[in-house]
Amino acid sequence: MKIIKLHIGLVKYLLRELPKRKTLKEKIELLKPIPKAYFGELVRLVKEMFLVFDKEYRNKKKEYKKYQQIKTDLQRCIKILHYVDEKMEKAGVNRQRRRQFWRDFYRDGEMRKEVFDDLMKEIERIV
């Protein structure tokens, strides 16, 4: 499938760029680097195709994807928590009360659920 996409992309690129070139010299300059890049990409795709059959490679790739998903989820969570803290600061809540809020937030599961429900309502209101 990737090889087909490679060919389609190459054809689209050539159909878009060739009419822009007026002289034969400009067209040759456009076409010169294409074979090297094209065959390099084909070699990379063939190597990747053979790696798919390697069980160790599949396991490492699965672990890497899992790690990336966890990393993305954590980054999203941190953004949400920063958003909550900034929102409280803008609302005029002093530092001591914010610290107490975060302590309670850490200890109390119902409070966490309530805060996330409020956030979801606000997001839905905005969207």
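Just so it is clear, none of the values below were taken in a lab; they were calculated from the coordinates. All of these numbers come straight from a predicted model, not from anything done at the bench. Here the Cβ is made from the backbone with ideal geometry for all residues, glycine too, and neighbour counts use every protein chain on show.
What size of dipole, in debye to the nearest 20, comes out for the stretch 1-53 about its Cα centre when the only charges are +1 on Lys and Arg C-beta atoms and -1 on Asp and Glu C-beta atoms?
Working: 13 positive and 5 negative charges, 45 e Å.
Magnitude of the dipole: close to 220 debye.
Output the Cα-based Rg and Dmax of the chain in Å, rounding Rg to one decimal and Dmax to a whole number.
26.5, 73
Quick one: putting +1 on the C-beta of Lys and Arg, -1 on the C-beta of Asp and Glu, what dipole do you get for the chain around its Cα centre, in Debye to the nearest 20?
720
Excluding Glu114 itself, calculate the net charge of residues whose Cβ lies under 12 Å from the Cβ of Glu114, where each Lys or Arg counts +1 and each Asp or Glu counts -1.
Residues close to Glu114 contribute a combined charge of -2.
Over the alpha carbons of the stretch 55-127, what is the largest minus smallest coordinate on each principal axis, giving the biggest first in Å?
Its Cα atoms span 55, 30, 21 Å along the three principal axes.
Please give the Cα centre distance for the stretch 58-127 versus the stretch 1-27, rounded to the nearest Å.
46
Among Val52, Met1, Val11, which residue has its Cα furthest toward the positive end of the charge dipole of the stretch 1-53, with +1 on Lys/Arg Cβ and -1 on Asp/Glu Cβ?
Result: Val11.
Assign one of three labels to the stretch 1-53, namely rounded, prolate or oblate, based on the Cα gyration tensor with a ≥ b ≥ c the square roots of its eigenvalues; rounded applies when a/c is under 1.5, prolate when it is not and a/b is larger than b/c, and oblate otherwise.
It is oblate, given that a/c is not under 1.5 and a/b is not larger than b/c.
Are any of the pairs Lys47/Lys79; Lys2/Lys55; Lys36/Lys62 more than 29 Å apart by Cα-Cα distance, and if so, which?
Those over the limit are Lys47/Lys79; Lys36/Lys62.
How tilted is helix 34-51 with respect to the longest principal axis of the chain? Cα atoms for both, answer in degrees (0 to 90, nearest 10).
60
Against the longest principal axis of the chain, how steep is helix 109-126, in degrees 0 to 90 to the nearest 10, with axes from Cα atoms?
60
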